[in-house]
Every structure is written in structure tokens, then in C-alpha cells.
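**Student:** Sharing a structure here in C-alpha cells format.
The values are calculated or read from the model by the stated rules, or taken from the named source; none is laboratory data. What you see is a predicted model, and the numbers here were worked out from it, not measured in a lab. Virtual Cβ from ideal backbone geometry, glycine too; neighbours counted across all protein chains shown. Protein only, heavy atoms only, side chains kept; ligands, DNA and RNA dropped before computing areas. Shrake-Rupley method; radii C 1.70, N 1.55, O 1.52, S 1.80 Å.
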Amino acid sequence: SPFDPNSGTIRFMPAVSVLMPCYNAAKTLRESLDSLADQTLSDFEVILVDDGSTDPTREIARAFESQDSRFRLVYQTHRGIVSALNAGLAACSSPHIARMDSDDRSHPERLALQVAFLEAHPEVAVVGCLVSGYPAQNLRQGYRIYMEWLNSLVSNEAIRREIFIESPLAHPSVAFRKNWVEKVAGYQDRGWPEDYDLWLRLYLAGAYFAKLPKFLLEWRDRPDRLTRADGRYSLENFLRAKAYYLAQGPLAGRDAVILWGAGMIGRRLSKHLIHQGAPLV
């Protein structure tokens, strides 16, 4: 509803809400928010969720909020990324949600193109875009290889075909329909990557994915990024997620499952599949 019960006022619904959780992001936040302020689509709101930062993140967010009513700060004590995402999702007033992280940069046309695509394709639940890494001198070889694979998956068929290989969508590059994410119970903390978990639940729910074949997000690589610093993003936890959702989906009801390959990854995956009750032979 456009009515805000906290202020008692009527808020006009923007074309898209940008959901951005922040934690100790003072070094990069201004650059990210400037890239949103420069969007060709002006009808948006940015929901900044400060997850209990101890640096000047909140002051930077408040400065943007005081200068531009499209930027709104939501504060919570430090509870982690999943809690921050769900708090921000609840605060978003548009049926279209664009994700972005506080250390990335969006191309000026990103929001306009993704919103137009969602409006023209009502069957699509999530639309991503191609991503480029930066700063160029910091990009690790594994990161480059992953982005090359990620950018090769554009169609719904390709994304669904390879979704159990690795996460086929860069979380801060997507725009999605809020009702679809609410349909699968929002973000969840299962001890593995929250974005991959969401894509897999949407996959099992029959969601239609898409990706614009344009570079619309610059994805920052740095040694302290959450995917390297948080154990939930370890290889073992990715394997746990894959085994759990394979058992819930493609392997459900099978009389026998044959695991092709006996290398280290295959042995580790088989352990998790057996734990999930898959009938390996």
C-alpha cells in the first residue's frame, strides 16, 4: 500500500525500489549511490539498510536522504545480510525490486532497461544483466572465469540448465518482482549463500529467469568481500545447497541416482546427497 503507517502520509509508488544493505561501507557507498542518482530513470527509491555499521556509513546515507527524498535510510542493529535484506524488502514500496551492493556501480540506463523489460515481459520473475569486474588490476583469475561463464548465460533455458553448476545470476545485478520473492518466503539463512538459495527456490517454484545482454553493472572485486570473508560462501556450503535442492527437485522420487565422476568434488557432493536421502548407486 502507498500509505505509510509510520508517518501517516501517502507515498507515491515508484517504478522500482533499489534494495541496498550496507555494513561498514563508508569507503565505497558514495560512489555506489552517485551511480544511482545519475540514472536516466528518475522514478525510483533507494532503500538503504544500515546493518549496525561502526564506521560513517549511516552518516553518508543520511546525507543522501536529506538531499534527495528518493533515498531512504533504514537502520537496524547488526544482524547480518539476510536480516538486512528482509528488512529492506519489507520497506520497498514498488512491486519491482532492483538489488545493488554498496560497493558496486550501476550503468546510467540500468534501472530504465530492467524496469522496461519486466513491464514488457510479465512472465519473467527475475531479470539480470551482464557484469564487468573492477578495479581491473584487482581481478583474480577465478573471478574472471566465473564472470565469463555468468555472462554466457542469458536465456531462461541456459540459466535453468546450469543453475546447479554455480549461481547463474550476480545478486547485485538483478531486478525482480517482489511478489515472486515473497511467494518463496523471502531471503532465508540456511548456512549457505543467501542469493544462490533464493535462485534455487525460485527455480523449484517454476520462476522464469532472463538476463539483458548488456553490461549494466560494475561488480567490485576486493579481498574482504563477503563471499571471501564469510564461511557461508565456502565450497562445502555451496555443495550442501546443491545437494539439498537437488534432492528437493530433480532427484525427488528417483529410484536410483548415479554420480558421474569420482574426483574430490564428486566425493564431497555424494556425501551431501546421501545425507539428503538420495539413492546413490
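**Student:** Return the Rg/Rh ratio of region 233-281 with Cα-based radii and a Kirkwood Rh. Could you put the intermediate results ahead of the total?
**Tutor:** On the way: Rg = 10.2 Å, Rh = 10.8 Å.
My calculation puts Rg/Rh at 0.94.
**Student:** Using the alpha-carbon atoms, what tilt in degrees (0 to 90, nearest 10) does helix 110-120 show relative to the longest principal axis of the chain?
**Tutor:** With rounding to tens, the tilt is 70 degrees.
**Student:** A follow-up question, please. In the chain, what percent of the accessible surface is made up of carbon and sulfur (1.4 Å probe, ligands and nucleic acids excluded)?
**Tutor:** Details: 7040 of 13030 Å².
On the chain, the fraction of accessible area on carbon and sulfur atoms equals 54 percent.
**Student:** Shifting gears a bit: Given a Förster radius of 25 Å and the C-beta distance between Ser152 and Gln67 as r, what FRET efficiency does 1/(1 + (r/R0)^6) yield to the nearest 0.05? Walk me through the numbers before you get to the answer.
**Tutor:** Values: r = 40 Å, r/R0 = 1.60.
Once rounded, the FRET efficiency stands at 0.05.
**Student:** Within the set Lys211/Lys271; Lys183/Lys214; Lys27/Lys183; Lys214/Lys242; Lys183/Lys211, which residue pairs have Cα atoms separated by over 26 Å? Kindly include the intermediate steps, with their values, before the conclusion.
**Tutor:** Numbers: Lys211/Lys271 33 Å; Lys183/Lys214 28 Å; Lys27/Lys183 35 Å; Lys214/Lys242 29 Å; Lys183/Lys211 21 Å.
Beyond 26 Å: Lys211/Lys271; Lys183/Lys214; Lys27/Lys183; Lys214/Lys242.
**Student:** From the Cα gyration tensor of region 167-257, with a ≥ b ≥ c the square roots of its eigenvalues, which class applies: rounded if a/c is under 1.5, or else prolate if a/b is larger than b/c, or else oblate? Before the final figure, lay out each step's value.
**Tutor:** Numbers: a/c = 1.91, a/b = 1.25, b/c = 1.53.
In terms of gyration-tensor shape, oblate.
**Student:** For Lys183, what charge total do you get from the other residues with a beta carbon under 12 Å from its beta carbon, if Lys and Arg give +1 and Asp and Glu give -1? Present the calculation step by step, with values, prior to reporting the outcome.
**Tutor:** Working: positive: Arg177, Lys178, Arg201; negative: Glu182.
Residues close to Lys183 contribute a combined charge of +2.
**Student:** Treating the angle as unsigned and between 0 and 90°, give the value, to the nearest 10°, between the Cα long axis of helix 235-248 and the longest Cα principal axis of the chain.
**Tutor:** Long axis of 235-248 versus the principal axis of the chain: about 80 degrees.
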